[in-house]
Every structure is written in structure tokens, then in C-alpha cells.
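The structure appears right after this line, and notes come after that.
Laboratory data are not the source of any read-out in this text; all were calculated from the coordinates shown. This one's a predicted model, so the numbers in the text were calculated from it and none came from an experiment. In this analysis, Cβ positions are derived from the backbone assuming ideal geometry, glycine residues included, and neighbour counts consider all displayed protein chains.
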Amino acid sequence: MLVSLVREKFDELVPKIATVEQYRYTWGKTSDFLRRILIAGVGRAAIFLLRIFGPIFDPVVFVGAALIGTSNRDDRYEPPAETRWE
């Protein structure tokens, strides 16, 4: 059963400014928060290094992608009947 939500009840349930308890619940434990910060920092550092040294690794990435792309090919794949060209 749906009950209409009046503006007064909405303002009571959802405050205009988030409370400390809401932030703590969203962030999780301190160790979880620090783990997310560490992952973000490592990702940002990896992107930074790839932008600096990217041209050096382009041929390696190209050959690696070509080898991985051809080795994962599944010759037994058969598309669904409605997509086959006959």
C-alpha cells in the first residue's frame, strides 16, 4: 500500500544538511575509508605514470592485446538463430 509523503514528513526524514551519523554510516569503518583512499591514490599514480611513459609501452600493449585477443577466440561460438545471416 502506498502512502503519500507530505512535505513536513519528508523534511523530518531527510534533513537539509547531512548529519555526522549519516557521514559515518556512508564512509564505513576507518579501515574501509583508508583502503578506498589508498586504491584511489594507486589508481591515480598508475594513470599519471602511464601518461608519462605511455609512448614507450604502446608497442608492448599493442602486441599483448593482439595475442590476448587471438588466444581467447572461441571458434565453437554459434550466434542465436535470429542473428544469423542465411
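Backbone phi angles across region 47-54, fed through the Karplus curve with coefficients 6.51, -1.76 and 1.60 (θ = phi - 60°), yield HN-Hα couplings of 5, 4, 5, 5, 5, 6, 9, x Hz in residue order; Gly and Pro are listed as x.
With both labels modelled 7 Å from their Cα along Cα-to-Cβ, the Val20 to Arg36 distance reads 2.0 nm.
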